[in-house]
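Worksheet: the structure to be examined is printed underneath.
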Amino acid sequence: MSAPSIWSAEARLLLRSGRNLVALILLLALSSAAVWAGIAEVEHQHATIKRVEAEQVRDLAAVAEANAGPEGDAGYNAYYAFMLTQGPPPPLAFAAIGQRDLQPYVLRVRALGLQAQLYDSEVYNPELALPGVFDWAFVLIYLLPLVVIALGHDLVTGERETGRLRLLLSLPGSGLWRRRVGLRYGAVLAALGLPLVVGGIVMVAPVSGIAIMLLTAALYCGFWFGLAMLIGASLRTSATAAATMIGCWIVLTLIVPTLANATIARTVPVAKGIDLTLAQREMVHHGWDIPKEETFERFFVNHPEWRGKEEFEGRFHWKWYYAMHQVGDEAVAADVAAYRASLARREELTKTLGFVLPGVGTMNVLHRLADTDIEGQLAYQDSVAAFHKSLREFYYPYLFEDRMFTQADFRRIPRYEARHSTGTLALGSLGALGLLGLLALWLGSLRIARSGIGSRSKGRGPGMAAFGKLAEITH
Amino acid sequence: MNMKITSTPAIAIEGLEQSYGHKQVLRGLDLTVKRGEIYALLGGNGAGKSTTLSALLGFIVPQAGTVRVCGIDPAADPRGARATMAYVPENVSLYEHLTARENIAYFLALADAMRGRDAIEGALTAVGLAEEAWDKRLSGFSKGMRQKVAIALALARDVPVLLLDEPTSGLDPRAVLEFNRLLDAAREREVAVLMVTHDIVSAVDIADRSGFLGQGRIEEEREASASGPRFDLNALHDRYARAGEPA
């Protein structure tokens with residue numbers, strides 16, 4: 001039997017086992033379903049953005065007709081003209097949806113207080129403990145280990161239990177376990193990765209992004225196969241090996257991340273975004289009750305260029321109204337900064353946790369690469385804030401200089417330009433994941449090798465001695 | 001019968017000692033098996049038969065004494081020693097999902113012993129496995145048929161030493177006779193056969209020498225008679241019953 005045919009014999013052994021075949025087909029089906037669900041979610045978000053864009057055109061036309069003209073008032077326009085901002089799904093979002101199903105990707109903002117408009121929904125960090133949406137990342141992080149357990153828990157113990165181990169160990173050949181682990185590893189990656197590649201082609205995703213996702217999956221998969229070798233070579237029966245591996249899966253993907261998430265939440269408390277909204281609104285409401293001069297004085301602290309242009313006749317003027325909103329935003333600026341700092345701190349701790357927990361590390365890499373993590377969400381908020389600032393700067397000259405607002409002016413209102421995806425490679429997380437994966441594989445191999453040396457020199461029972469000879473077949 | 005026995009021992013064990021924890025299993029075992037000789041190693045449970053095989057296969061490092069297979073120390077060069085031996089374990093379990101032919105080809109590949117289709121079919125023919133069974137999966141095979149496949153594997157490897165662990169256990173009388181014919185053929189090819197067994201009857205039918213393992217060493221060794229009954233079965237049985245007691 002030549003080298004290729006020994007591989008094909010190993011493949012036959014693998015695929016003729018009903019359990020292995022079912023596990024691989026199940027993984028392929030789950031991965032396909034996850035990619036399909038991810039594409040459906042992305043398409044839904046694109047469709048939503050398109051629908052809102054169409055509504056936006058009609059809405060703006062109505063505002064223009066009603067408020068702009070020879071006698072147009074900038075204040076009315078600024079009040080009624082909601083401007084669309086949108087965060088279209090990044091190209092790799094179909095594989096790792098991350099925060100995109102939780103956070104808004106369409107916001108219509110106007111020149112009023114920003115903070116009251118930003119937090120229509122909360123920003124929080126569920127990625128440590130909650131399984132989240134069913135996407136490819138979910139299948140990789142939570143379900144792939146179960147398939148590895150199904151295929152790998154009895155690599156050694158199964159041979160012992162069927163009585164083949166002594167015969168296998170009596171043969172002078174080499175590379176048995178390397179071939180078997182390698183074949184299972186390849187089959188698992190193929191079942192998991194094939195739908196991703198197809199999804200990437202359908203979504204015209206960047207090849208480099210898909211390649212990095214596959215690399216991440218390969219490293220994570222390596223970690224679990226290494227663990228399977230380590231445990232399988234250390235225990236006597238398949239049942240105990242499977243139970244131990246399931247225990248590892250529960251601890252590493254569910255319990256520890258959940259506890260860590262609770263610890264991080266306790267260590268780094270984050271105020272709710274809605275609190276910022278309320279605080280800003282409180283300031284605005286308070287502005288109605290205090291002398292207008294007082295509001296303007298607060299406004300001029302940061303906008304001295306409008307001093308001397310605050311005078312107006314009557315009880316109400318838009319310039320006072322917008323100044324009041326601006327002051328409301330600025331009053332909660334410190335709270336906003338603290339809120340963002342807390343989120344960033346949590347994100348940092350999550351990244352650190354990912355250096356030791358492969359599941360969390362994998363999630364960090366995938367979501368950062370897809371730009372669907374908190375960082376991506378905050379970047380969208382930043383772009384909205386920058387756009388909001390440009391809106392204010394556009395309207396203020398009309399308001400403070402009492403300029404007419406014409407149709408031509410209306411057409412000059414700034415429009416939001418969607419930011420480009422800022423997905424990046426989290427090298428540190430990927431490196432740590434690589435180290436964990438290689439470490440597990442190395443320890444698994446070492447465990448097999450060491451058990452051989454130990455049993456031969458110490459004269460343990462024949463069973464253990466035979467088991468110890470795995471080393472020579474492995475290497 | 002013993003015409004093919006040569007003077008060079010294929011298996012040579014001298015003063016082998018082995019203990020597990022506080023239990024000393026082998027206490028200076030001496031044993032030799034020459035090319036073309038069939039040696040039946042008899043002994044009760046725990047006598048050290050499996051430990052002897054483990055030492056020959058390089059599964060354990062002897063605590064004292066020497067072991068050589070075709071001149072190779074299995075502890076120092078296990079792969080080299082194993083290349084000279086074929087081992088048939090007591091409970092033959094090959095891969096149920098593969099056919100008889102695939103099993104042999106696969107195990108030969110694992111042993112780095114590439115053989116052609118003819119060699120595999122020759123071995124299957126030699127062990128008397130019906131041709132229609134060659135391409136059937138082992139899941140439908142009886143124990144005797146599986147045993148034949150395992151022995152065919154050993155034959156196909158074409159090595160000078162054959163180690164058999166309870167080879168006739170669970171075989172019907174007809175299968176035992178067929179098995180003995182195979183061993184005869186192996187002897188003709190100058191293969192050294194060490195069979196470890198409880199089964200005195202099958203041992204006397206085929207062995208050239210038999211040894212009783214008791215108290216960690218060979219307590220008594222007998223050679224097959226060249227004329228008349230090969231062994232005195234009553235005497236052997238009586239000795240077997242007293243294994244471990246002073247001779």
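A few remarks follow.
- The shape of segment A:1-40 can be summarised by an equivalent ellipsoid whose semi-axes, obtained from the alpha carbon gyration tensor, come to 30, 12, 4 Å from longest to shortest.
- On Cα atoms only, tilt of A:238-250 relative to the major axis of chain A in degrees: 10
- Gyration tensor verdict on chain B (Cα atoms; rounded if a/c is under 1.5, prolate if a/b is larger than b/c, oblate otherwise): prolate
- Per-residue mean of foreign Cβ neighbours for B:102-109 is 5 (Cβ atoms of other chains, 10 Å radius).
- Across B:LYS49/B:LYS143; A:LYS292/A:LYS389; B:LYS23/B:LYS143; B:LYS23/B:LYS148; A:LYS50/A:LYS319, pairs whose alpha-carbon gap is larger than 27 Å: B:LYS23/B:LYS143; B:LYS23/B:LYS148; A:LYS50/A:LYS319
- Environment charge at A:VAL42 (Cβ cut-off 14 Å; Lys +1, Arg +1, Asp -1, Glu -1): -3
- Whole-angstrom gap from segment A:159-211 to segment B:190-212, using each part's C-alpha centre: 45
- Summed side-chain charge close to A:VAL181 - residues other than A:VAL181 whose Cβ falls under 14 Å, Lys, Arg +1, Asp, Glu -1: +2
- Take each residue of peptide B:48-56, count the partner chain Cβ atoms within 10 Å of its Cβ, and average: the result is 3.
- Euclidean distance between Cα centres, segment B:133-171 to segment A:338-413, Å: 72
- Neighbouring Cβ atoms from other chains, within 10 Å of the Cβ of residues in B:58-71, number 3 on average.
- Residue by residue, segment A:411-418 carries 3J(HN,Hα) couplings of 5, 8, 4, x, 10, 6, 10, 4 Hz when phi is fed to the Karplus relation 6.51 cos²θ - 1.76 cosθ + 1.60 (θ = phi - 60°); x denotes Gly or Pro.
- B:THR168, A:THR244, A:THR263 arranged by Cβ crowding within 10 Å, fewest neighbours leading: A:THR263, A:THR244, B:THR168
- Here the Karplus curve 6.51 cos²θ - 1.76 cosθ + 1.60, taken at θ = phi - 60°, turns the phi angles of segment A:394-399 into couplings of 6, 7, 4, x, 5, 6 Hz, with x standing for Gly and Pro.
- Per-residue Cβ neighbour rank within 10 angstrom, fewest leading, B:MET85, A:MET283: A:MET283, B:MET85
- Highest average first, the peptides B:48-54, B:13-19, A:339-345 ordered by how many other beta carbon atoms sit within 10 Å of their residues are B:48-54, B:13-19, A:339-345.
- For the protein assembly as shown, the alpha carbon positions stretch 139, 52, 33 Å along the principal axes, listed from largest to smallest.
- By average C-beta atoms within 10 angstrom, highest first, the peptides A:27-33, B:154-160: B:154-160, A:27-33
- In terms of the mean number of neighbouring beta-carbon atoms within 10 Å, the peptides A:225-231, A:43-49 order highest first as A:225-231, A:43-49.
- Longest to shortest principal axis, alpha-carbon extents of segment B:48-175, angstrom: 49, 31, 23
- Of all the options B:PRO173, B:PRO62, B:PRO74, the one that moves most in a Gaussian network model of chain B with Cα springs shorter than 10 angstrom is B:PRO173.
Coordinate-derived values only; no laboratory data. If you're wondering where the values come from, they're calculated on a predicted model, not measured in any experiment. Methodologically, a virtual Cβ is constructed for each residue, glycine included, from the backbone with ideal geometry; neighbour enumeration extends over all protein chains shown.
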